1. From (1) within 14 Å of chain B (Cβ to nearest Cβ); (2) part of a loop (DSSP other than H, G, I, E, B); (3) under 12 Å from A:LEU112 (Cα atoms); (4) of a type outside the set (D, E, K, R), pick out the condition that doesn't hold for A:THR75.
2. Take segment B:138-196 and flag every residue that is of a type in the set (S, T, N, Q), within 10 Å of another protein chain (Cβ to nearest Cβ) and free of Cβ contacts under 8 Å to residues at least 24 places away in the same chain.
3. Could you tell me which numbered condition A:PHE26 fails, if it satisfies all but one of (1) in contact (Cβ under 8 Å) with a residue 24 or more places away in the chain; (2) part of a strand (DSSP E or B); (3) more than 19 Å from A:ILE83 (Cα to Cα)?
4. Taking only segment A:2-15 into account, find how many residues are in contact with a strand residue (DSSP E or B) (Cβ under 7 Å, 6 or more places away or on another chain) and either at pLDDT below 90 or surrounded by 19 or more Cβ atoms within 10 Å (Cβ to Cβ) (or both).
5. Restricting the search to segment B:206-222, which residues are crowded, with 16+ Cβ neighbours inside 10 Å and under 15 Å from B:ALA140 (Cβ atoms)?
6. From B:SER88, B:SER94, grab the single residue that is farther than 15 Å from B:LEU271 by Cα and crowded, with 17+ Cβ neighbours inside 10 Å.
7. Taking the condition more than 20 Å from B:PHE267 (Cβ to Cβ), in a strand (DSSP E or B), among the charged types (D, E, K, R) and out of contact with any helix residue (DSSP H, G or I) (no Cβ under 6 Å at 6 or more places or on another chain), does B:LYS14 pass?
8. Name the one entry in A:SER103, A:SER114 that is within 18 Å of A:ALA19 (Cβ to Cβ) and away from every other protein chain (no Cβ under 12 Å).
Amino acid sequence: MFKSLIDDNEKRSQLSIMAQYLNTCFMISTIENEYLVNIEKGVVKNVEEGPFVMPSYVFKLTAPKNEWIKFLQNTPQPGSHDIIAMLRRKVLKFEGDLHPLMSHLLYFKLLLASLRPVENKIEN
Amino acid sequence: MKIEKEPISGQYGKFKIDGIDYRIYWEEAGQGIPLVCLHTAGSDGRQYRALLNDKKILERFRVIVFDMPWHGKSSPPENAQIQNYKLSTDFYISQIMSFIDGLELIKPVVMGCSIGGRIILHLAINFPEKFRALIGLQSAGHLDPYYDISWLHRQDVHGGEVCGGIAYGLMAPTSPESHKFETMWHYMQSGPGIFKGDLFFYKFDGNIGNEIKKIDNSKCPIYLLTGEYDYSATPEETKSLADTIGIEMIKMKNVGHFPMSENPKEFLKYLHPVLNKIN
């Protein structure tokens, strides 16, 4: 589900600039599966799919698979369109040292949203 | 080069609020019924740029938007220090009333969004006779904290970046990216701790419980409009508020927490019929 985060680094070059000093490793959990994402200088360097025996990471985002599916829709429904919206509905949990996440909040939001099939860009 | 000039004029003035002088900036356009607009927490009056340019509204309304003290181009009070800024209900009411008195506005309409959508409820409870109508955007009677707001003001996190990141998510995925970016940019320019300090009002001091029942819509008409993508003040919370007051709420499709700024075209479709009811 999140394996493809490794695929689109070129398309995300502008996004990587927003996090050019960020080096971290975080876990995304769908309850039934886990993905360990390694970031160097704002670029996704590696994504490993679980199961893991002794995974080491800085912070973890956990939501049921069906909630991640809703988040990853082209045009997500209200309440599923943002990770803080999911936090508000108590379907997503943030755990661990949240400093890398909160100091690069927009970067992580856009990184995850980059997996949506088509970007929502409407210009008036 | 020919430039496209907007009909907006900006001014500064000194206002006494709770006995202290504040240098306040405001913008206005149009003529007729005064319509005072209140921006959201941690932002400024630029959020109402579309209203200030809307010919249809400007024919009947004098749209006036001020930056709250410590926000936008309004200054902190003289001799201010970087401090633990916290917006209280009383101070928020005082600045609105001082502004209205200072400009000698008679029975204005006041429209506020988010914290502004909350304070109009306090105005409805305390001074209904002073207003022609009150319009709440993204209004809810109370809000329990759902994330740790200490992240909004700490020296090891860039305040502009985190506040912008929070604001971005409150907007609808269907809103135009250019307007979303501008709305986020205002948050990125806010002073350290100001967004967090405003949220003290929004999540603690300004919460209203049973006092909502004191609102009498016959003394001053109230209109409530909420964007469907707002997860801070949700349409369900506005509906509950509207039910208590005994009025209908308007749920706006395809917009989130900042309707007038993130998607003005969509928002104005909902606002025009409301303003048409106000004479």
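1. All conditions pass for A:THR75, except number (3).
2. Answer for segment B:138-196, where residues must be of a type in the set (S, T, N, Q), within 10 Å of another protein chain (Cβ to nearest Cβ) and free of Cβ contacts under 8 Å to residues at least 24 places away in the same chain: just B:SER178.
3. The failed condition is (3).
4. Selection size over segment A:2-15: 3.
5. Residues satisfying the conditions are B:GLY206, B:ASN207, B:ILE208, B:ILE212, B:ILE215, B:ILE222.
6. The conditions single out B:SER94.
7. Against the criterion (more than 20 Å from B:PHE267 (Cβ to Cβ), in a strand (DSSP E or B), among the charged types (D, E, K, R) and out of contact with any helix residue (DSSP H, G or I) (no Cβ under 6 Å at 6 or more places or on another chain)), B:LYS14 qualifies.
8. Of A:SER103, A:SER114, the one residue that is within 18 Å of A:ALA19 (Cβ to Cβ) and away from every other protein chain (no Cβ under 12 Å) is A:SER114.
The values are calculated or read from the model by the stated rules, or taken from the named source; none is laboratory data. This structure is a prediction, so every number in the text was calculated from the model and none was measured. With ideal geometry, Cβ positions are generated from the backbone for all residues, glycine too; neighbour counts draw on all protein chains shown.
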